[in-house]
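Values quoted throughout were computed directly from the atomic coordinates according to the rules given, and no laboratory measurement underlies them. Owing to the predicted nature of the structure, the values given are computational and were not obtained by experimental measurement. Don't worry about glycine lacking a Cβ; one is built from the backbone with ideal geometry, like all the others, and counts go over all protein chains shown.
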Amino acid sequence: MNCKNILLNKLSRMNILMKYSSLMILLIISSCATNPVSGIPDFVTITEQQEISIGASYHKQILEENNIIKNKELNDYFQKLGESIAKKSHRPDLKWNFTLIDDPTFNAFATPGGYVYMYRGMLNYFNSEAEFAGVIGHEIGHITARHGVRGMSTAQVTGLLLSIIQANVPGGQLTGNAFNLLNVAINRGYGRKYELEADQLGEDYLEKSDYDPVAMTAFLKTLKNSDELEKKIAKEEGREPNIGYHGVFSTHPDHDRRINALGKLKTQDSKNKSNKEKFLKLLDGSVYGSSPEEGYVKNSIFYHPVLAIKFNINDDWIFKNEPDQLILTKDKDTMTLNMDELLLDDLENGLTPEQYLKEGIKKTSFLTTNKLLSSEDFSFNNLAGHTHLYYSESMTGSSYSRFTAIFDTNNSETKPKVWIIRTNLSDLTNDNASQDMTKTFAKMTDSEVENSKGLRIKVIRVREGMTYQTLAKSSPLGKYSIDKLRLLNGHYPDSSLKIGDLIKIVQ
């Protein structure tokens, strides 16, 4: 079937022939190119030059909005490894770019024109160079098969993105709608068919690069196990699971389908390289979880070295570190911690935490429906504070709200600040526990700030007597240490350690 017939059939299936002028149809019919992977005519309305321009525009935005890992050795390794795999791909002549994003998100993604990104949160879960190379190959596959460009082209025809490319700019420029489409692809992937094709291309590129192709399946199992552990934890914590990379949304094949689709004729070959020890040694010392600059939890204590504050977190409260606030939840109750700056002039004129709370509440309509039950001093750890407890009753029931203000004014190097803790309580069952956590709020010492490096991966060799149970006893990962350590090393749910192997722990 020729390109003209392919496109007319596609238009017929989408039932949009009547919506477009003859000129638009002629433009679409002329939009044919040979797919680099399949070698057959493909439906695209975007040239390769425009594709490259799209990727470059989006890359600029990504660099503006994200921090890149500050590890030249690791960045150079990613770029070199990615280029070596790309040379074995269907589009070796693209100018390929590989970027490591310093973020705990468990994800990787590709954008048109040769741009591949991986988050630190995924990087730490590979257990060999072959596994790492497999996911790189998967993302390269999205680009070589032009999945993003094909999706944009279809969207143009259906009228969703009629102005992706500004026609008056040679090479094309990326508009807001196209950014939105790429953002969807990053968060949700490219759809079932394309994800499976990218898996198979990743496996193919692995084999062409002399890596063990079984490694692709091995990491897909890690992805599946990551989701299983998150579901287990979420169920015990009474919340919805937050599951991640390429397999969670309705547009994706499930993990089992992806695993079954791969390697049916593949067997592990000892001649193929894995480079397990080389890769793990590169990860030694890398950041695990949130970066120190964002704050992190270690041994059930939250530390924020930039703001020089810390406080304890009860194990039965769920903690979430968001960019603009800290959130703790238990049952139906929620604590949120926000920070605001104070005017030095107000402090010099006698502003107190109690006055701060009164003025803040007075400026809202909160008091019209809530009754003040108690007002108490809340000064601990050489920090001045005050707390108010309010009661609310409505047709749907009663509830409580506690507001606490803690002044952070004893640091000559930063502006004075106030921490506002609001606790929404369905009843008073968790009120004492929430106050006990708030009472631990304190300034970090100079030595704590200086030595604060967050949680780090440490690569060790398994020796006699080591088990996940013994390693978990000294782990800062909390209640699920055994499960988390097993997942980190590809041993979830119940595999054991082998003497002499290198493994990752967290310190």
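Loop-located trypsin sites (Lys or Arg not before Pro) in the stretch 311-413 (DSSP state other than H, G, I, E, B) with a sparse environment of at most 10 neighbouring Cβ atoms within 10 Å: 363. Partners of residue 273 within straight-line reach, counting lysines whose Cα lies under 17 Å from its Cα and excluding those fewer than 8 residues away in the same chain: 80, 88, 208, 281. If R0 equals 25 Å, the separation of the Cβ atoms of residue 380 and residue 343 corresponds to a calculated FRET efficiency of about 0.55. In a fully extended conformation the segment linking residue 480 and residue 331 would gain 51.7 nm over its present Cα-Cα distance, using 0.36 nm per residue.
Summarising the amide proton neighbourhood of residue 35: residues at separation of 5 or more, or on other chains, whose placed amide H is nearer than 5 Å comprise 40, 42. The overall shape of the stretch 295-450 is oblate: from the C-alpha gyration tensor, with semi-axes ordered a ≥ b ≥ c, the ratio a/c is 1.5 or greater and a/b is no larger than b/c. With R₀ fixed at 51 Å, the C-beta to C-beta distance from residue 413 to residue 237 puts the FRET efficiency at about 0.85. About its Cα centre, the stretch 319-413 has a charge dipole of approximately 600 debye under the convention of +1 per Lys or Arg Cβ and -1 per Asp or Glu Cβ, with nothing else charged. Once both labels are positioned 7 Å from their Cα atoms along Cα-to-Cβ, the gap between residue 278 and residue 322 label points is 4.4 nm.
A protection proxy built from the mean count of other Cβ atoms within 10 Å ranks the segments 452-459, 484-491, 201-208, most packed first, as 201-208, 484-491, 452-459. For residue 352 and residue 95, a Förster radius of 45 Å and the Cβ-Cβ distance give a FRET efficiency of 0.15, rounded to the nearest 0.05.
The charge dipole of the stretch 375-482, taken about its Cα centre with unit charges on the Cβ of Lys, Arg, Asp and Glu (plus for the first two, minus for the last two), comes to roughly 740 debye.
Modelled this way, with points 7 Å down the Cα-to-C-beta line, the labels at residue 79 and residue 424 are 4.7 nm from one another. Distance cut-off 24 Å, Cα to Cα: go down the list 235/498; 320/417; 298/504 and report the pairs above it. Checking Cα-Cα distances, 235/498 exceed 24 Å. Using a simple spin-label model with pseudo-atoms 7 Å out from Cα toward Cβ, residue 362 and residue 391 lie 2.5 nm apart. The distance separating the Cα centre of the stretch 58-95 from that of the stretch 289-345 comes to 33 Å. Taking the stretch 345-360 and a reference point 7 angstrom along Cα→Cβ of residue 401, the backbone N atoms nearer than 15 Å belong to 357-360.
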